[in-house]
1. Order by neighbour count: ARG71, ARG89, ARG110, fewest other Cβ atoms within 10 Å first, most last.
2. Holding the Cα-Cα limit at 30 Å, pick out from LYS201/LYS228; LYS84/LYS230; LYS84/LYS170; LYS40/LYS201 the pairs that are longer than that.
3. Find which of THR122, ILE92, PRO80 sits farthest along the positive direction of the dipole of the range 74-131, computed with +1 on the beta-carbon of Lys and Arg, -1 on that of Asp and Glu, about the Cα centre.
4. Taking loop as defined by DSSP and a crowding limit of 12 other beta carbons within 10 Å, which GluC sites (Glu not before Pro) in the range 100-160 fit?
5. Out of the DSSP beta bridges found with both residues in the range 64-193, what percent are antiparallel (nearest 5)?
6. Restricting things to alpha carbons, tell me how big the range 119-226 is in terms of Rg and Dmax, in Å.
7. Using amide H atoms built in the peptide plane, which far-off residues or other-chain residues are under 5 Å from VAL107 H to H?
8. Sum up the charges of everything whose Cβ sits under 11 Å from the Cβ of GLY208, counting Lys and Arg as +1 and Asp and Glu as -1, but leave GLY208 out.
Amino acid sequence: AEAQLRQSQKMEAVGQLTGGIAHDFNNMLTGIMGALDIIKRRLASGRLEGVERFMDAATASAQRAAGLTHRLLAFSRRQPLDRKPVDVRQLILDMRELLDRSLGEQVELRVQPSPDCWAAVTDANQLENALLNLAINARDAMPDGGQLSIETHNIALVAGEMPGLIIQGKQDFVAITVRDTGVGMSAEVLEKVFEPFFTTKPIGQGTGLGLSMVYGFTQQSGGGVDIKSKPAQGTAITLYLPRSPAESQIDVRRGSPVPQG
Ligand code: ADP
């Protein structure tokens, strides 16, 4: 409970633009200004050859900055969840193409939601977002390629069984596990991964917001998230989402109701 309190205090502090983000942003602006300066001088001296390279660099830097503000806005807004029964199996199957495209050739993708997967009560869009975030983290953890699998299982948990999950008595959850064969995390990293803005990635490449967003999303859904990771072996991140009590009310946009197991 203390860890949770600390976490929620951190989440609240996120409304402010921190030094780290301002620093990243400043670096991107410096990149743009530097490139513009070179272009201006090249224009003045008529040395136009290769000038396009600097224009591309400025554009790339501006795009990174735009991406950063976009994610920051999405994070600080953190819209309330649009909670509905969601066919988790179908949602995952529907993401296969997007995931394949995001992961590149080097990563072998195994999408294996269980056929008897329960429906969950959650926000379908935010769940997709969370899974995409996890997949991209997994890709980053496998620079030389590897395997990424997404599996589900149905699980009944009792109070106290899962840290960070508030359960009264016994409750059914849909567990979604995203597993990679990447670099894994040290104990020090593992301790900090849910902190907003914590990142081990180079400036401009990581915002450190992915896992804190995933954390916030599962908490808001009435579930939780668990990470198992070993350096040089890989990482498995499991999202726990509450089972929908009304299987028949499954979001029809997402196909037929899942069979009952
Ligand atoms: P970001 O990806 O922008 O760094 P996240 O909050 O998503 O922000 O992740 C925080 C850190 O957690 C990453 O910088 C990385 O060190 C670590 N991490 C996240 N996912 C994985 C993974 N699948 N394997 C290894 N490390 C990971």
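No lab work stands behind these numbers, since they all come straight from the coordinates. Not measured: the values here are computed from a predicted model. Here the Cβ is made from the backbone with ideal geometry for all residues, glycine too, and neighbour counts use every protein chain on show.
1. Taking fewest neighbouring Cβ atoms as first place, the list is ARG110, ARG71, ARG89.
2. Listed pairs above 30 Å: LYS84/LYS230; LYS40/LYS201.
3. PRO80
4. GLU105
5. Bridges in the range 64-193 are about 70 percent antiparallel.
6. 14.7, 45
7. GLY146
8. Summing Lys/Arg as +1 and Asp/Glu as -1 gives +1.
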